[in-house]
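See structure below.
The values are calculated or read from the model by the stated rules, or taken from the named source; none is laboratory data. Since the structure is predicted, the reported quantities are computational estimates derived from the model, not experimental observations. Ideal geometry is used to build each Cβ from the backbone, glycine not excepted, and the neighbour counts take in all protein chains shown.
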Amino acid sequence: MLSLETVFNDLISQLWFELTFLLVVSLFAGFLFSRFGQPKIIGFIIVGVVIGPSALNIIKLEGTTGAEAAGLPEEVKMLASLGAIVLLFMIGLECDLKEIYTRRSIMIALGGVILPWIAGYLLANAFGYSDAESIFIGATLVATSVAVTAGVTSELGLMGTPVAYAIIGAAVVDDVMGMVVLGISKGLSGNTLDPTMLTMLVIGAVIFVVGGAWIGSRYLTKLVLSVQVSGHRRKLPMSGFVLAMSIAFMYAFIAEMIQISAIVGAFVAGTAFSSSVLRDGLRKGMHYLEALFVPIFFVSLGLAVDLSDIWSILIFASVLTVVALLSKFIGCGLPARSTGMSWWDAASVGIGMTPRLEIALIIAYYGLESEIIDGGIYTAVVFMGLVTALVATPLLKATLARGGHKLLT
């Protein structure tokens, strides 16, 4: 006679139960963390840690490092990868080049990319990590979480103000630069760094991001619009959306072919449609895909965390978090001040740029899968991302209040 534990373990191993379980617990985490005013992304990651090998071990992993780190069935990992592509396509949709890429945003973003990347590299080198690992660790400090910054500024009733434009604009530029950084870092292998390979990756990443966005916005958006109009006449109202997603997957395929990353391709495809008349329609369609696949992706990020590593890298993780906070605060705050903002508004911009979640963890996850970094470094980056996201909100409220802004909460 089978024991209850055996039956339960057999049930857990089934793909459809795992999908059901992941979606239900992510839904619960979203409600719970929203109730306490925290980003639901944090809830997804934490619940992944709880149900993974670090705590309850409900979802068992096949491996602890490298390509097997996610430990889920291949079908579930594929859905998690789809969630990453959906997320980056949606972020790209918000990157309207004409509205966001101002001189101020670019100056702030440059400071927020160069200083954190160098600081992260030097810190990792000081702790004895290789050049390849150090460059990858520095890369995780580059991109600001648009989801957290936009959510906080909207919650405080500051959308449309110069401070909000500066923070969100610079965060979006950060994401574009973060994609280039990911493209560079993705090409690293093992503990060696080939300067020629690195140069080719930089050139290839820049050409792909700029050229792909230009070709998409100039030609492919017109094709999608034509298909949408034709499809509407034939009672196929989702034709344009289907073609747009096909283009996103095609960009993802091309990005992988040139050794960058599929999510870079999805991001570039999103930017191509950012100024299209179809953007609002694409947003609506993407919201349903986001609700289904993005939580699975973030839960899988939590599943890959092994808290048994935390004690061995706790000092590094803590110092990395401090460096992450200070490098963004200084790297973005000083350029903001140089553009004519008051000291308190510049401080608000610096603090508003400190959260790292989506792109930082995606970069770390790809580094783990590619075996450029190990599970300990990955856990340290997740720790850094969660802490920066949690402390940014109260600090931002304090500096905005001191700057004389009227806040809703």
statement: Of the candidates ALA255, ALA304, the one satisfying the condition of being within 26 Å of ILE207 (Cβ to Cβ), surrounded by 15 or more Cβ atoms within 10 Å (Cβ to Cβ), in contact (Cβ under 8 Å) with a residue 12 or more places away in the chain and of a type outside the set (Asp, Glu) is ALA255
- line: Residue hits (region 356-379; within 8 Å of the chain's Cα centre (by Cα) and closer than 21 Å to GLY128 by Cα) are ILE363
field: Flag for MET159 being assigned to a loop (DSSP other than H, G, I, E, B) and at pLDDT below 80
entry: yes
message: With under 22 Å from GLY178 (Cβ atoms), modelled with pLDDT under 90 and not in a helix (DSSP H, G or I) as the only criterion, which of VAL305, VAL294 stands out?
response: VAL305
Of all residues in region 260-289 being out of contact with any Leu (no Cβ under 7 Å at 6 or more places or on another chain) and closer than 30 Å to ALA380 by Cβ, the one that is surrounded by the fewest Cβ atoms within 10 Å (Cβ to Cβ): ALA262
query: Do we find that SER342 is surrounded by fewer than 19 Cβ atoms within 10 Å (Cβ to Cβ) and either out of contact with any strand residue (DSSP E or B) (no Cβ under 9 Å at 6 or more places or on another chain) or not small (Gly, Ala, Ser) (or both) in this structure?
result: yes
message: I'd like to know if region 256-275 contains one or more residues that are within 22 Å of the chain's Cα centre (by Cα), part of a helix (DSSP H, G or I), of a type in the set (D, E, K, R) and modelled with pLDDT of 85 or more.
response: no
- prompt: Before we move on, is ALA119 assigned to a loop (DSSP other than H, G, I, E, B) and either touching a Ser or Thr at 6+ places or on another chain (Cβ under 8 Å) or at pLDDT below 90 (or both)?
  reply: no
- prompt: Can you name the residue in region 348-400 that is in a helix (DSSP H, G or I) and acidic (Asp, Glu) and is also surrounded by the most Cβ atoms within 10 Å (Cβ to Cβ) among such residues?
  reply: GLU358
- prompt: Given the structure, is ALA272 touching a residue at least 60 places away in the same chain (Cβ under 8 Å), in contact with a Phe, Trp or Tyr (Cβ under 9 Å, 6 or more places away or on another chain) and closer than 27 Å to GLY43 by Cβ?
  reply: no
